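Read through the structure below, which is laid out as structure tokens, and then see the notes.
The values are calculated or read from the model by the stated rules, or taken from the named source; none is laboratory data. Everything quoted here is computed from the prediction, not taken from an experiment. Here the Cβ positions follow ideal geometry from the backbone for every residue, glycine too, while neighbour counts run over all protein chains shown. Surface accessibility is based on the protein's heavy atoms, side chains included, excluding ligands, DNA and RNA. Shrake-Rupley method; radii C 1.70, N 1.55, O 1.52, S 1.80 Å.
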Amino acid sequence: MSYNVNFLFLLDYWDALLEGLMTTLGITGLCLILGLGLGFVVALLRLSSNPVVKAVTTLYVEFFRGTPVLIQLFWIFFCLPLILGFEISNFVSAVIALTLYMGAIVSETFRSSLRAIEKDQMDACVALGIGGFTKIFYVILPQAILRAIPTLLSNSVSLFKESALVSAVGMSDLMYIGQNISSVTFKPVEMLTAVAVIYFLIAFPLTRSVSWVERKLIHKIAL
């Protein structure tokens, strides 16, 4: 049995692949924003002096970092509705799963950057009477993000690649559409290769930019 490789047929499906890519980028962007917010809050809580808060947030981070994202997605999509007593759409399930995953991995990034902030700056906030949310949003957050940007870029690439798992619950993302087209056309080699290339073309520039951004930020922080 011979298999004739022909990539030209992909031209007939570029619009479907583009639609899937937009879905992938959309869900990645949404979960990235939600995950960054969640991760920063969790990082602050993990630095809390309250042992209960610290234990709960540590358990959350270790669980979602230590279990496969696919298992988390399946549990939220299939098991959580049984507990809550109502259905959860595949989109909502995907957003919850990827946000919790992203929140867990970026919390460690933020925690490291928060620890790098000098104690003198905290003392200065106390001396100036700056406290609460003002200190968090105008003193701590900007510096934490600045120090964390290179690693956050890597986390974002990881999230983008992990987003392919949402096809397992029927989300019409790039991977799902690619699989469907390959099943209909009996051209799995060409279609799955094309999907892999699309993922690579988006992830590779971001991956390569991490070192460049890191050098720039190190120079800026040094100044």
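Structural remarks
- Alpha-carbon centroid distance for the pair segment 152-205 / segment 1-41, whole angstrom: 5 Å
- Ranked by solvent-accessible area (1.4 Å probe, protein heavy atoms only, all chains present), the residues Cys31, Cys79 order from largest to smallest as Cys79, Cys31.
- To the nearest 10, the accessible area of Leu59 is 120 Å² with a 1.4 Å probe.
- In plain terms, the chain from Val41 to Leu70 could stretch by 8.0 nm, reckoned as 0.36 nm per residue minus the Cα-Cα distance.
- The modelled label-to-label distance between Asn4 and Leu59, using points 7 Å beyond Cα along the C-beta direction, is 6.1 nm.
- Using just its DSSP H runs of length 4 or more, each adding -39500 (n - 2.57), the chain gives a mean residue ellipticity at 222 nm of -25000 deg cm²/dmol after division by all residues.
- Whole-Hz ³J(HN,Hα) from phi, Karplus 6.51 cos²θ - 1.76 cosθ + 1.60, for segment 54-65, glycine and proline x: 5, 5, 5, 5, 5, 4, 4, 5, 5, 5, 6, 7
- Accessible area of the chain belonging to carbon and sulfur atoms, whole % at 1.4 Å probe: 69 percent
- Shown are Ser2, Ser167, whose ranking by accessible area with a 1.4 Å probe and every protein chain present, most to least, is Ser2, Ser167.
- Debye log10 I(q)/I(0) for the chain, one point scatterer per Cα, at q = 0.10, 0.15 Å⁻¹: -0.58, -1.05
- Global form of segment 132-172, assessed from the alpha-carbon gyration tensor, a/c cut-off 1.5: oblate
- Table column - 3J(HN,Hα) (Hz), segment 16-28, Karplus curve with 6.51, -1.76, 1.60, x for Gly and Pro: 5, 5, 5, 4, x, 5, 5, 5, 4, 5, x, 5, 5
- Relative contact order of the chain, defined on C-alpha pairs under 8 angstrom at six or more residues apart (%): 29 percent
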